Amino acid sequence: MCGIVGYAGPNDTVGALLDGLRRLEYRGYDSAGVAVLDAAGAVSVRKRSGKLARLEELLEASPLSATGTGIGHTRWATHGGPTDVNAHPHLGDDGKLALIHNGIVENFAELREDVAAAGIELLSETDTEVVAALLGIEVARTGDLETAFRAVVRRLEGTFTLLAMHRDEPGKVVAARHHSPLVIGLGEGENFLGSDVAAFVSSTRRAVAVAEDNIAIITPDAVRITDFAGDAVEFEEFEVQWDAEAADKGGWSSFMAKEINEQPDAVANTIRGRLDGGRVDIPELTELGDDVLRDVDRIIIIACGTASYAGQVGAYAIEQWARVPVEVQLSHEFRYRDPVLSDRTLIISVSQSGETMDTLMAVKYAIERGVTTISVCNTQSATIPRESDAAVYTHAGPEVAVASTKAFIAQITALYLIGLHLGRVRGTLSEEDSAEAVAQFEALPEKVREAVDTHEQVAQLAHWMADTRSVLFLGRHVGFPIALEGALKLKEIAYIHAEGFAAGELKHGPIALIDHGQPVFVLVPSPRTSPLMHSKVVSNIQEIRARGARVIAVVEKGDTAVLPYADDVIRIPLSDSLFDPLLQVVPLQWFALELSTAKGLDVDQPRNLAKSVTVE
Ligand code: M6R
């Protein structure tokens, strides 16, 4: 939540900040602001509530004459509503310094007393302004931004990435991180700071991930990192694996549309290099040691939201192939239940961003208890994969739309690969089954492409249903998490009441919701590979149809059994049952996108949300 950018260099400062903010806007869009050192050597700020476009308007009406030092912020409001005054940057030291923040300062009430005691009057309701004021007090006392900054960050409790600059130290931006992301971009005669590499990828692909409880100091020609005590810390640079174009909308109507279309590539890239003849081999897991994997007697997948549904799908496959019990827990519930863990437990976290605070905290909790952790993550060098014992990256490319699509498909793919790797190492997977799964994987990108081609049909359906107030989704087995995902997508971007149910659960209560015309999507298992489940779901369809439901059935091509009972039929390619979710989900993604569009909503930036949830 919240995107932060810092710049030190000779080039267009406001341009660099705005470019970074545009690319980070998915992290929060309640307000935006920038601060620069202006031509007169003073700190100048422009900030505004609402999306970045409003700040851009303001800058056009009232331009800044920047001289090479600046910070920028796009906000997801925590302390204080999304107003102009609460927007970042905040000022300290009588306007001589500016500061931005991502996170929550939990002891801000106590710190505010110190600020009040110093006779400083705060203008906003934010925790951030308290930090800016404290930093001002320290700078006035020590006469040095870095010393003051270290003193202040040591006093803070909660989560934060902070960036600050001071009039008396032109060309310098200081930054600190504690449970919140921070990366450095290394340019030629210019350097950058950002919440993630998107902040500067259009200028440089050389990056450094700043570690927990470290401070980064950038100037145009140098980068230094220290710990909170001021001792120098060594760092390694890495190369960002994608370019700015990958994170551009291109000609698409929305990032979400672009990302749905990119799903065949997301699958192909996640598989690449991990299929070895008729078997799956994930080098990152081999490094972990076969003994460790053989010893595992229980797996817990931890994740939130869409990633948790990917985890639920993955759990079926891992259990089937690796014959080890798998449960899925929401990250934010996990550590509060005092979970039973042992040195034979394996934790697999799933996170697109690799920065979701709830998941990070759950992973840390497991690590502290000596549990082996694997991270399934889409973001290079993010905190969760760096903290984990092994990282199995999904290669979906940057996902910008708040509603996750291609990352979801890539997460399921990665979890399946992990299941197959485990099955091989543990000796629970026959060579025949392994070869069959590999063949399914090889054919998958093309089948996902066919599922993407349901767009036109689904778009029509969604536009007819633009006034729908509630939609239900039913699935069984691996179709159940897909029903949950279909419902989440709809809530998230079309603001419609939607619920996903296990089809078998219907008669235990939810069937009372069925009334005349109630739309129900039903994910129908394959009659070829799951005949028993297929017939049960067809019975469920008859039950809801008899009560007036409008049935939209997602079926494999050639399945005619549901035709007499379905109002609409969406056909997906034939595959093995375990692989059906990767195809079934695609029309549900399109449906959410098109319904959101039909309602005139912002598909990519739904209200109240942000892509990366870095607060608990
Ligand atoms: O970055 P993560 O995968 O950890 O994010 C987890 C959830 O916040 C995320 O999947 C969320 O549910 C999506 N916006 C759903 O589309």
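Worth a mention:
- Alpha carbon convex hull of region 255-452, volume per residue in cubic angstrom: 99
- Phi angles of region 539-551 translate, via the Karplus equation with coefficients 6.51, -1.76, 1.60 and θ = phi - 60°, into HN-Hα couplings of 5, 4, 4, 4, 4, 7, 4, 4, 9, x, 5, 9, 9 Hz per residue; Gly and Pro are given as x.
- 5 angstrom amide H check on Val522, placed H, neighbours 5+ away: Leu474, Ile552, Ala553, Val554
- Computed from Cα atoms alone, the Kirkwood hydrodynamic radius reported for the chain is 25.3 Å.
- Per-residue ³J(HN,Hα) for region 487-499, Karplus 6.51 cos²θ - 1.76 cosθ + 1.60, θ = phi - 60°, Hz, x for Gly and Pro: 5, 4, 4, 5, 4, 5, 10, 10, 6, 10, 5, 8, 9
- Rough spin-label spacing in nm, given labels placed 7 Å along Cα→Cβ, for Ala439 and Thr529: 1.2
- Axis angle, to the nearest 10 degrees, between helix 406-426 and the longest C-alpha principal axis of the chain: 70 degrees.
- Model label zone, Ala39; criterion: amide N under 19 Å from point 7 Å along Cα-to-beta-carbon; scope region 55-69: 59-69
- Quotient of the Cα radius of gyration of region 1-126 and 2.2 N^0.38 Å, N being its number of residues: 1.03.
- Too-long pairs where the Cα-Cα distance tops 20 Å, listed order kept, from Lys47/Lys489; Lys447/Lys557; Lys249/Lys447; Lys364/Lys406; Lys447/Lys599; Lys406/Lys557: Lys47/Lys489; Lys249/Lys447; Lys364/Lys406; Lys447/Lys599; Lys406/Lys557
- Whole-Å distance, taken between Cα centres, linking region 195-257 and region 335-396: 22
- Label-to-label distance for Asp453 and Phe238 is 3.7 nm, based on points extended 7 Å past Cα in the beta-carbon direction.
- Rg/Rh (Cα only; Kirkwood hydrodynamic radius) as it applies to region 3-247: 0.93
- A 1.4 Å probe run over region 1-63, with the rest of the protein chains in place, finds 33 Å² accessible per residue.
- Here the convex hull built on the C-alpha positions of region 514-557 has a volume of 52 cubic angstrom per residue.
- Restricting region 488-583 to trypsin sites (Lys or Arg not before Pro) in coil, as DSSP defines it, with at most 12 other Cβ within 10 Å: Lys557
- Quick note on region 402-550: its Rg to Rh ratio, both from C-alpha atoms and Rh being the Kirkwood radius, is 1.01.
- Relative contact order of region 455-598: 30 percent, from C-alpha pairs under 8 Å at least 6 residues apart in sequence.
The values are calculated or read from the model by the stated rules, or taken from the named source; none is laboratory data. Bear in mind the structure is a predicted one, so any value in this text is a computation, not a measurement. Here the Cβ is made from the backbone with ideal geometry for all residues, glycine too, and neighbour counts use every protein chain on show. For accessibility, only protein heavy atoms count, side chains too; no ligands or nucleic acids. Shrake-Rupley method; radii C 1.70, N 1.55, O 1.52, S 1.80 Å.
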